[in-house]
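The values are calculated or read from the model by the stated rules, or taken from the named source; none is laboratory data. Computed from a prediction, not measured in an experiment: that's the story for all the values here. Ideal geometry is used to build each Cβ from the backbone, glycine not excepted, and the neighbour counts take in all protein chains shown.
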Amino acid sequence: MTTFDDRERSYEAKFAHDADLRFKAEARRNRLLGEWAAGLLGKSGDEARTYALTVVTSDFEEPGDGDVFRKLAADLSGKADEAAIRAKMDELRTEARRQVLEES
């Protein structure tokens, strides 16, 4: 085994670890968004948790944040505007990353 092989494996492991952290942070952000939106919609308890899960699963429709944004914009019509939703998405992305890194 050469130093080059060791270095290559190390980079591959780091890439996989970073990708895993990004996925966990995005899923956490979407759950937090779902909980926030559920509160605006007057949902609580199991109903709020179920709604938050629908926000998480909406992210699997297409790459990027567009699918989550569209779901929230449709569900929160009249309760939160586009700027408020996007600001909350950014705020919770930072919070979710912090939480995931603390757990690692």
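Miscellaneous remarks
- Within the range 80-97, being surrounded by fewer than 13 Cβ atoms within 10 Å (Cβ to Cβ) and either in contact (Cβ under 8 Å) with a residue 24 or more places away in the chain or more than 12 Å from the chain's Cα centre (by Cα) (or both) holds for ASP81, GLU82, ALA83, ALA87.
- Every residue from the range 1-26 that is in contact (Cβ under 8 Å) with a residue 24 or more places away in the chain and of a type outside the set (Asp, Glu): LEU21, LYS24, ALA25
- Flag set for SER58, criterion: within 12 Å of the chain's Cα centre (by Cα) and of a type in the set (Ser, Thr, Tyr).
Yes/no per residue for (1) closer than 17 Å to GLU102 by Cα; (2) modelled with pLDDT of 95 or more:
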site: THR2; (1), (2): no, no
site: ARG9; (1), (2): no, no
site: HIS17; (1), (2): yes, no
site: ASP20; (1), (2): yes, no
site: ALA38; (1), (2): no, yes
site: ASP46; (1), (2): no, yes
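- When the range 41-55 is limited to residues that are of a type in the set (A, V, I, L, M) and surrounded by fewer than 17 Cβ atoms within 10 Å (Cβ to Cβ), the one that is nearest to the chain's Cα centre (by Cα) turns out to be LEU53.
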